[in-house]
Amino acid sequence: MTEKKEAGKRAKWSKFCPKCGKQTDEFFDSMCKDCFKQGITLLVPESRSLELSVSVCPHCGGFFKGKEQTSIKPAVETAVRKAIWKKYGAETPVEIAELSVELAENKRSAHVSIAVKAEISGVEIKETGEFTAALRREICERCSRIAGGYYAAIVQIRAEVRIPTDEELAVAENIAHAPLGESDFVSKERMLKEGLDIYVSSAEYGRMISRAVVKELGGNFSESKKLYGRKDGRDIYRVTFLVRLPGLKQGAVVKIGNKKISVEKVIEGEGIEGVDMNTGESVFVSKKEMMKAKKI
């Protein structure tokens, strides 16, 4: 008789979910666990777009947060986390389980597929979804400087008492473009009768190019700077790097006009003695005339 009374008493005081009527001893925000989970939405609806705190450069296609280059996936993760924290509190644990991002052809938006987990009021919520992330198009600082012809240094490729060969100039050009970093760039090049001028983004980059050319082709380089202006109370300089490739040695062949001359002797500070390969005649070429000579 006592057991029946106790059972009746327990039934009388049992708790029910006010939304679905299910009997439960666990309540989450005054609802059972299932009803509580139904009211949680982690991801934005498919019809809406997610605004990212990144921009895409229409010129280079890079992604930027302010001036700092980034990638789009971390930006999507951050945006999703912030959206969840805004709704459910910054202390909410959030895990991005899966994420794929496909950039639209016009680079104005990205299609995002994502799976996310979060723990809200002690309940683990899992949700997958797809949505469109809108992207701002904004030219980056690097591309803006390139478009404006900005340069901080010039690398001048020359040769000692001769004109650099096409092969030498090609090597120097490849070196200038090969190791481009996030902030390095070549803004323009000028081909001159005495060699090649390469305009670059910084003195550090110009110095690196000069060292690499000398290491590859020989010779030496010097640098000089000229005051260009002032910014934030500091003097701004433009630096010129003069790369001098090696001169001629005995046995070399040079072309001056229509003549091909085999070098027999190099007279320091005066010129060369050689043989005209077309006529066999001995010739002397002054240092001034040698400035028109091209090694072949």
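The values are calculated or read from the model by the stated rules, or taken from the named source; none is laboratory data. Values in this document were obtained by computation on a predicted structure and should not be read as measured data. FYI the Cβ positions are ideal-geometry reconstructions off the backbone, even for glycines, and counts take in every protein chain you see.
If you go through region 124-149 and keep only what is surrounded by 16 or more Cβ atoms within 10 Å (Cβ to Cβ) and of a type in the set (Ser, Thr, Tyr), you end up with just THR132.
On inspection, ASP184 qualifies as part of a loop (DSSP other than H, G, I, E, B), over 16 Å from MET291 (Cα atoms) and among the acidic types (Asp, Glu).
Residue-wise test of (1) outside the structural domain of LYS287 (by TED's automatic domain parsing); (2) modelled with pLDDT under 85.
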site	(1), (2)
VAL171	yes, no
PRO179	yes, yes
ASP197	yes, no
GLY269	no, yes
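Would you mention how many residues in region 262-287 are loosely packed, with under 10 Cβ neighbours inside 10 Å and not in a loop (DSSP other than H, G, I, E, B)? Number satisfying all stated conditions: 0.
Of the residues making up region 233-258, those that are surrounded by 11 or more Cβ atoms within 10 Å (Cβ to Cβ) and under 26 Å from GLY219 (Cα atoms) number 18. For region 181-201, does any single residue satisfy the condition of being touching a residue at least 60 places away in the same chain (Cβ under 8 Å) and more than 28 Å from GLY62 (Cα to Cα)? Checked region 181-201: at least one residue is touching a residue at least 60 places away in the same chain (Cβ under 8 Å) and more than 28 Å from GLY62 (Cα to Cα). Of GLN69, GLN156, all but one fail to be surrounded by 15 or more Cβ atoms within 10 Å (Cβ to Cβ), within 30 Å of TYR228 (Cα to Cα) and in the same structural domain as GLU189 (by TED's automatic domain parsing); the exception is GLN156. Listed by first and then second residue, the pairs linking a residue in region 155-170 that is closer than 16 Å to VAL200 by Cβ and without any contact (Cβ under 8 Å) to a residue 12 or more places away in the chain to a residue that is assigned to a loop (DSSP other than H, G, I, E, B) and not small (Gly, Ala, Ser), with Cβ atoms under 7 Å apart and 6 or more places separating them unless they lie on different chains, form an empty list. Of all residues in region 188-234, those that are among the small types (Gly, Ala, Ser), within 20 Å of GLY149 (Cβ to Cβ) and part of a helix (DSSP H, G or I) total 2. Quick one: how many residues across region 33-55 are more than 7 Å from PHE131 (Cα to Cα) and either touching an Asp or Glu at 6+ places or on another chain (Cβ under 7 Å) or modelled with pLDDT of 75 or more (or both)? Of the residues in region 33-55, 12 are more than 7 Å from PHE131 (Cα to Cα) and either touching an Asp or Glu at 6+ places or on another chain (Cβ under 7 Å) or modelled with pLDDT of 75 or more (or both).
Of all residues in region 263-296, those that are within 22 Å of GLU194 (Cα to Cα) and among the polar types (S, T, N, Q) total 1.
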